[in-house]
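S.K.: One structure is given below, represented as structure tokens, and several questions about it will come after.
The values are calculated or read from the model by the stated rules, or taken from the named source; none is laboratory data. As the structure is a computational prediction, the values presented were derived from the model and not from experiment. Counting neighbours? That spans all protein chains shown, and the Cβs are built from the backbone with ideal geometry, glycine included. Heads up: the accessible areas ignore ligands, DNA and RNA and are worked out on the full protein's heavy atoms, side chains in. Shrake-Rupley method; radii C 1.70, N 1.55, O 1.52, S 1.80 Å.
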Amino acid sequence: MSEPSSPNPRQPPAERPLPASLRRNAPLVPVESAGGRALAAVIAILTFLAALCAGGAELVAASSAQWQSAVSREITIQVRPQAQRSIEADIEQAVSLARRAPGVEEVQTFSKAESERLLEPWLGTGLDFSDLPVPRLIVIKLQEGTQPDFSGLRQALREKVPTASLDDHALWLTRLSTMANTVIVVGLVLVILVLVAASLAVTFATRGAMAGNREVVDVLHFVGANDDYIAREFQRRFFRLGLRGSAMGAGAALIVTIILGMLTRSWRASPAGDQLEALFGSFSIGWRGYATVILIALIVAFITAAISRLTVRRFLNEAG
Amino acid sequence: MQRVKALYENEFDQGLAPAVHFENVGVRYGMGPEVLRDLTFSIEPRSFQFLTGPSGAGKTTLLRLILLSVRPTRGLVSLFGQDVSKISKDGLTALRRRMGVVFQDFRLLDHLTTYENVALPLRVQGKEEASYRAEVVELLRWVGLGDRMHVLPPVLSGGEKQRAAIARALIVRPDLLLADEPTGNVDPSLARRLLRLFIELNRLGTSVVIATHDFSLMDQLNVRRLVLGDGHLHIDA
Ligand SMILES: Nc1ncnc2c1ncn2[C@@H]1O[C@H](COP(=O)(O)OP(=O)(O)OP(=O)(O)O)[C@@H](O)[C@H]1O
Ligand SMILES: [Mg+2]
């Protein structure tokens with residue numbers, strides 16, 4: 001070993017070439033331990049659950065909006081037969097009143113035969129309906145995007161066609177939307193609970209990591225790192241862990257969704273599939289569903305970073 | 001009092017305040033006996049001194065008092081003209097950036113390479129890696145660790161760890177260097193070489209305090225000796 005002429009560190013001499021890559025960019029705080037992996041797993045599971053809850057809530061929200069717009073675009077007038085009145089005349093009168101109401105796109109009358117066919121599932125085929133007072137339906141399709149006021153039509157019908165009654169499905173719609181809203185609120189509450197659980201897990205993991213890295217933190221202090229710097233280092237590690245965990249969880253949630261979508265598609269041929277689809281719409285979540293899952297993953301990662309930073313700051317302040 | 005303070009501040013501005021000033025300082029660990037008693041001394045800027053005394057006399061404790069990792073139970077400690085009893089966290093960080101330390105037990109970070117350990121004080125100040133790479137490499141070569149740069153501390157020998165610890169303390173060219181037994185694990189010729197490094201640093205303006213009980217090392221230099229014994233300090237000029 002030949003001694004350099006001067007140890008003067010102020011003037012780095014350039015005679016010898018520097019090693020190509022000195023930079024390893026190793027993290028200053030080692031969190032990549034078994035504890036770190038366990039935390040990533042916990043975060044993955046919690047993200048998975050949160051994403052499924054949020055995705056489910058989104059599914060219900062989307063389906064119920066779809067039903068509501070379909071259902072509320074249709075109202076029906078029911079005309080009951082009455083011995084003293086001609087039902088055909090009543091229907092004609094009701095139809096002409098309906099045509100004059102605002103926001104109406106199309107008025108369609110069910111003929112006697114069609115009305116009877118509607119009853120078949122309940123009464124069986126081959127019955128002679130001629131003796132039965134089968135009510136007749138007039139289906140009114142509304143223009144898209146309109147929310148017309150039917151009190152005028154209702155009033156007119158009551159005066160001119162007392163055997164007719166208007167059903168705008170309002171009661172059914174309120175019940176439907178109440179139920180859907182309840183499901184959505186429950187889903188959101190579950191998401192929040194899962195996020196709180198994730199925060200707690202991160203808090204404990206951070207405190208554990210800090211206690212395990214006491215020596216490292218001390219040395220960082222001695223070489224002139226301030227609390228902010230140390231907190232940032234921990235935060236960066238935990239953000240990566242959180243991002244990895246939440247990406248795994250979100251990925252699993254997306255895969256489950258896709259598999260469920262494929263299963264429902266194969267069920268669709270069966271009668272059970274029809275009912276499922278009637279209830280949930282087709283299972284394939286739209287872009288909003290995927291966006292929700294990705295958003296949840298990002299939220300979890302950011303919560304992980306923020307909570308770990310907060311915990312580190314508090315830990316450093318307690319330590320004096 | 002007001003005048004003394006003004007004088008201190010004035011001196012501090014001119015870099016003339018003592019790097020370290022102790023007045024009647026005493027310290028005890030927990031409820032134990034006082035390890036150090038009635039210490040009154042100063043370490044002047046650009047000065048060079050040894051701190052010596054038998055094992056257990058309190059050399060490490062005295063250095064920890066200066067590092068503010070142990071607080072005095074009584075008395076007054078000031079660093080670079082600043083009373084440390086009411087210092088803020090930011091102030092503490094600023095003070096530590098003016099000091100370099102070589103710990104008796106090295107305290108290298110085991111998950112970082114030798115190079116990264118030595119560069120650590122610069123890295124935590126937020127400096128760009130490219131801006132200090134050449135400097136770090138040169139210092140590593142000077143202490144004879146040129147081919148051990150990419151190795152993790154656990155595989156270094158005791159003497160190599162010691163040299164890495166010294167390099168880490170020197171890299172920021174501190175105003176005050178505290179070295180606890182910096183030559184305890186190296187052969188006499190390397191010890192002389194490291195001593196020359198400290199002298200060179202001192203020439204560039206750093207106050208140096210070397211704690212040691214190695215008389216052959218101290219005999220190489222005719223400088224002030226702070227001798228600890230029975231909790232008291234006396235100074236051999
Ligand atoms: N953390 C501690 N808690 C309690 N007592 C301590 C602690 N550190 C040191 N001591 C005691 O303080 C006294 C001085 O210790 P110190 O480490 O300062 O001695 P030293 O001069 O550095 O010794 P050496 O030359 O062996 O390194 C010793 O009696 C020791 O037992
Ligand atoms: Mg000691």
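S.K.: Any residue at all in the range A:201-211 that is among the aromatic types (Phe, Trp, Tyr), part of a helix (DSSP H, G or I), crowded, with 17+ Cβ neighbours inside 10 Å and more than 10 Å from every other protein chain (Cβ to nearest Cβ)?
M.R.: Taking every residue of the range A:201-211 in turn, none turns out to be among the aromatic types (Phe, Trp, Tyr), part of a helix (DSSP H, G or I), crowded, with 17+ Cβ neighbours inside 10 Å and more than 10 Å from every other protein chain (Cβ to nearest Cβ).
S.K.: Just checking, how many residues over the range B:173-194 are surrounded by fewer than 19 Cβ atoms within 10 Å (Cβ to Cβ) and more than 16 Å from ligand 2 (Cβ to nearest atom)?
M.R.: Number of matching residues: 6.
S.K.: Now, a different point. So if I check each of A:Val183, A:Val134, A:Val107, which one is surrounded by 14 or more Cβ atoms within 10 Å (Cβ to Cβ) and in the same structural domain as A:Ala57 (by TED's automatic domain parsing)?
M.R.: A:Val183
S.K.: Can I ask one more? Given the structure, is B:Asp105 of a type in the set (D, E, K, R) and more than 16 Å from ligand 1 (Cβ to nearest atom)?
M.R.: Numbers: of a type in the set (D, E, K, R): yes; more than 16 Å from ligand 1 (Cβ to nearest atom): no.
Spelling it out, it is not the case that B:Asp105 is of a type in the set (D, E, K, R) and more than 16 Å from ligand 1 (Cβ to nearest atom).
S.K.: Filter the range B:199-210 for residues that are open to solvent by 30 Å² or more (accessible area, probe 1.4 Å) and among the aliphatic types (A, V, I, L, M); which is nearest to B:Arg173 (Cα to Cα)?
M.R.: My answer is B:Leu204.
S.K.: Follow-up. Give the range A:48-67 a look and list any residue that's of a type in the set (Asp, Glu) and open to solvent by less than 20 Å² (accessible area, probe 1.4 Å), or say none.
M.R.: Residues satisfying the conditions do not exist here.
S.K.: So, in the range A:135-166, how many residues would count as being part of a helix (DSSP H, G or I), without any contact (Cβ under 8 Å) to a residue 40 or more places away in the chain and more than 18 Å from A:Arg85 (Cβ to Cβ)?
M.R.: Total satisfying the criteria: 3.
S.K.: Just the residues that are more than 9 Å from chain A (Cβ to nearest Cβ) and within 13 Å of ligand 2 (Cβ to nearest atom), please, taken from the range B:66-103.
M.R.: B:Val70, B:Val102
S.K.: Let me ask another. Can you tell me which of B:Val227, B:Val223 is away from ligand 1 (no atom under 14 Å from the Cβ), away from chain A (no Cβ under 14 Å), surrounded by fewer than 21 Cβ atoms within 10 Å (Cβ to Cβ) and at pLDDT 90 or above?
M.R.: When all the criteria are applied, what remains is B:Val223.
S.K.: So, one more: Give me the pairs, please: first residue somewhere in the range B:47-62 and on the phi > 0 side of the Ramachandran plot, second residue anywhere and more than 9 Å from ligand 1 (Cβ to nearest atom) and among the aliphatic types (A, V, I, L, M), beta-carbon distance under 7 Å, and either six or more positions apart or on two chains.
M.R.: B:Gly53/B:Val227
S.K.: Suppose we filter B:His234, B:His213, B:His150 for residues that are open to solvent by 70 Å² or more (accessible area, probe 1.4 Å), assigned to a loop (DSSP other than H, G, I, E, B) and within 16 Å of ligand 1 (Cβ to nearest atom); which single one remains?
M.R.: B:His213
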